[in-house]
Amino acid sequence: MIFVTRRAHFSAAHRLYNPNLSEEKNYELFDQCTNPHGHGHNYFIEVTIAGTPNPETGYVIDLKKLKKIINKHFIDKVDHKHLNIDVDFLNDIIPTAENIAIACWQQLQPHIHDGTLYSVKLFETENNFVEYRGE
């Protein structure tokens, strides 16, 4: 089994807020991340595809093809956006790193035909990241 990973970058704003909770409870849970106007991050994602190399090409997946899939189905939809407001597939979802990684998986998985989507790793900061490997 070979694992092929493509890294991508996007910048976005978000607000961590649960409308079913009081302002006080939201602040208790999310602290400064519940700022009414949101705050931003320079995110990195790493998308990993697992498989065996195609005997014709030697590739599990052509990285140019993977780059196009990631950009078209995820990056172009989230880059320089407010995740709570501008991104339809995040409507009514608290855009934590965990939920963004799941959403990224859901956007990409139907378009991966060479190899198998193995993981989506989302770096919210240099020190904080999550990894999702499907359900």
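The values are calculated or read from the model by the stated rules, or taken from the named source; none is laboratory data. Source: prediction; values computed, not measured. Note that each Cβ is placed from the backbone with ideal geometry, even for glycine, and that neighbours are counted across all protein chains shown. Ligands, DNA and RNA are stripped out before the accessible areas are found, and what is left, the full protein with its side chains, is counted by its heavy atoms. Shrake-Rupley method; radii C 1.70, N 1.55, O 1.52, S 1.80 Å.
A few notes on this one:
- Overall dimensions of the stretch 68-129 by Cα: Rg and Dmax, Å: 11.8, 33
- Solvent-accessible surface of the chain, taken per residue with a 1.4 Å probe and all protein chains present: 60 Å².
- C-alpha center-to-center spacing [the stretch 71-132, the stretch 27-53] in angstrom: 8
- Apportionment of accessible area to carbon and sulfur, the stretch 2-135, percent (1.4 Å): 48
- Proximity of backbone amide H atoms, modeled 1.01 Å from N, is registered between HIS82 and ALA13 at under 5 Å, excluding neighbours fewer than 5 places apart on the same chain.
- Residue-span extension gain [ILE85 to LYS65] - 0.36 nm each, minus C-alpha spacing: 4.3 nm
- Hydrodynamic radius of the stretch 1-55 by the Kirkwood approach over all distinct alpha-carbon pairs: 14.1 Å.
- Between the entries [x] 15.1; [y] 15.7; [z] 16.1, the label attached to Kirkwood radius over Cα pairs in Å calculated for this structure is [y].
- Here the spin labels are modelled as points 7 Å beyond Cα on the Cα-Cβ line, and at ASN128 and GLU46 they lie 1.9 nm apart.
- Efficiency of FRET between GLU98 and HIS39 - r from beta-carbon atoms, R0 30 angstrom, step 0.05: 0.95
- ARG6 accessible area, 1.4 Å probe, all protein chains in place, Å² to nearest 10: 80
- Estimated [θ] at 222 nm from DSSP helical runs (n ≥ 4, -39500 (n - 2.57)) normalised by residues in the chain, nearest 500: -6000 deg cm²/dmol
- Computed E for ASP31/HIS111 - FRET, C-beta separation, R0 35 angstrom, nearest 0.05: 0.45
- The chain: antiparallel DSSP beta bridges as a percent of all, rounded to 5: 90
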